[in-house]
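Contents: one structure, followed by commentary.
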Amino acid sequence: MGLKRALAVVVAITLATGCFGYNKSAKRWAYVGNTVLILGGGGAIAADQLSSKEVPSMTTTAARTYEPPFSGALLAGVVLVTAGLVGIVFTATRPNLKTSR
């Protein structure tokens, strides 16, 4: 349950800062938000890979429990990292909007 809460916090912080900046100041915060996405995704991937995957063995039969090739935490981590990278590329290639007051 702790991993789900951490992922929710990462998503909330990123959405609060915005993913794509339109001027110099907004781009700085967009880079921060995208970096948080990448770090959160990397943390989710690392937590998934470092967690113990002890599967109880069934000694009375030859049946084995099913182990999926990847877990939900790994998939969520990959999605977060991909979103952060796409956000950085989009923010870097987006022209600055000139706002004059």
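The values are calculated or read from the model by the stated rules, or taken from the named source; none is laboratory data. All values reported here derive from a predicted model rather than from experimental measurement. All Cβ positions, even for glycine, are placed from backbone atoms using ideal geometry, and neighbour counts span all protein chains on display.
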Test residue 98 against the criterion of being assigned to a helix (DSSP H, G or I), of a type in the set (D, E, K, R) and modelled with pLDDT under 85, and give yes or no. no
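Condition check ((1) touching a helix residue (DSSP H, G or I) at 6+ places or on another chain (Cβ under 9 Å); (2) of a type in the set (A, V, I, L, M, F, W, C); (3) at pLDDT 85 or above) across all residues:
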site	(1), (2), (3)
5	no, no, no
10	yes, yes, no
24	no, no, no
41	yes, no, yes
47	yes, yes, yes
51	yes, no, no
67	no, no, no
79	yes, yes, yes
94	yes, no, no
